[in-house]
1. Going through region 79-94 one residue at a time, which ones are under 15 Å from the mean Cα position of the chain (by Cα) and without any contact (Cβ under 8 Å) to a residue 40 or more places away in the chain?
2. Determine whether G76 is within 27 Å of A110 (Cβ to Cβ) and crowded, with 19+ Cβ neighbours inside 10 Å.
3. Tally the residues that are within 27 Å of W153 (Cα to Cα) and without any contact (Cβ under 8 Å) to a residue 12 or more places away in the chain, restricting the search to region 95-113.
4. Output the residue which, of all residues in region 49-67 that are touching a Ser or Thr at 6+ places or on another chain (Cβ under 6 Å) and surrounded by fewer than 22 Cβ atoms within 10 Å (Cβ to Cβ), is farthest from H171 (Cα to Cα).
5. Identify, by number, the condition in (1) modelled with pLDDT of 95 or more; (2) within 20 Å of T39 (Cβ to Cβ) that Q151 doesn't meet.
6. Of all residues in region 55-88, which are over 19 Å from L99 (Cα atoms) and not in a strand (DSSP E or B)?
7. Return only the number of the condition from (1) modelled with pLDDT of 95 or more; (2) farther than 25 Å from A121 by Cβ; (3) over 14 Å from the mean Cα position of the chain (by Cα) that A61 does not satisfy.
8. Criterion first (β-branched (V, I, T) and modelled with pLDDT of 95 or more) does V14 satisfy it?
Amino acid sequence: MRLFVAVMPPPAEVAVLDGFVGARAPELRWVPPHQWHVTLVFCGEVPETVVPELTERLRRAAARTEAFPLQLAGAGTFPHQAARARALWTGLQGDVATLTRLAQRCAAAARRSGIDVEDRAFRPHLTLARARRGSVDARVETQRLGEYAGQPWQVTTVRLVHSTLGSVVRHDPVAELPLGAAEETR
């Protein structure tokens with residue numbers, strides 16, 4: 001199973017951002033709004049036999065993290081030079097330090113489950129689109145979306161997601177794991 005761990009923005013925030021994005025540049029392959037998420041850790045291909053252990057370790061990592069506020073805001077590209085962009089994203093404001101700790105805890109949970117995750121710095125973002133081929137000039141989109149600022153929301157869960165690639169990409173939830181404060185109120 002191809003898995004990743006993510007924070008999902010609330011549907012209302014997805015709808016507002018979707019409306020703000022408006023017309024989509026055709027040279028970009030836009031991620032469908034119902035698939036927008038903030039990846040905490042990409043696990044890659046994981047044997048189904050490992051999923052229960054991974055889920056339990058992620059549950060414990062989530063339980064050690066209190067709920068926290070986030071907000072979608074701004075825009076940027078990978079690489080940083082928007083004239084040669086391979087990906088267009090919106091950024092995050094709010095308690096990004098806690099989000100980063102949560103990502104580190106989730107990556108550690110995956111490693112302890114025997115999953116070889118990438119060892120690189122966490123760069124919090126929500127990918128909106130990717131270049132169809134090579135790179136594109138996304139300066140216009142970056143400048144326009146750079147003015148975006150959504151409403152803050154409270155992050156109360158993380159999601160383990162099964163990603164199926166193909167002509168239609170599917171993201172199916174495997175587990176919804178409550179954060180510390182959220183778990184106490186259930």
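The values are calculated or read from the model by the stated rules, or taken from the named source; none is laboratory data. Every value quoted in this text rests on a predicted model; they were computed, and no experiment measured them. Heads up, the Cβs are rebuilt from the backbone with ideal geometry, glycines too, and the neighbour counts pull from every protein chain shown.
1. Scanning region 79-94 gives W89, G91.
2. Answer is yes for this residue.
3. Qualifying residue count, region 95-113: 1.
4. A67
5. Against the list (1) modelled with pLDDT of 95 or more; (2) within 20 Å of T39 (Cβ to Cβ), Q151 comes up short only on (2).
6. If the condition is that a residue be over 19 Å from L99 (Cα atoms) and not in a strand (DSSP E or B), then E56, P79, H80, Q81, A82, A83, R84, R86 are the ones that fit.
7. In the conditions (1) modelled with pLDDT of 95 or more; (2) farther than 25 Å from A121 by Cβ; (3) over 14 Å from the mean Cα position of the chain (by Cα), A61 misses (2) alone.
8. yes
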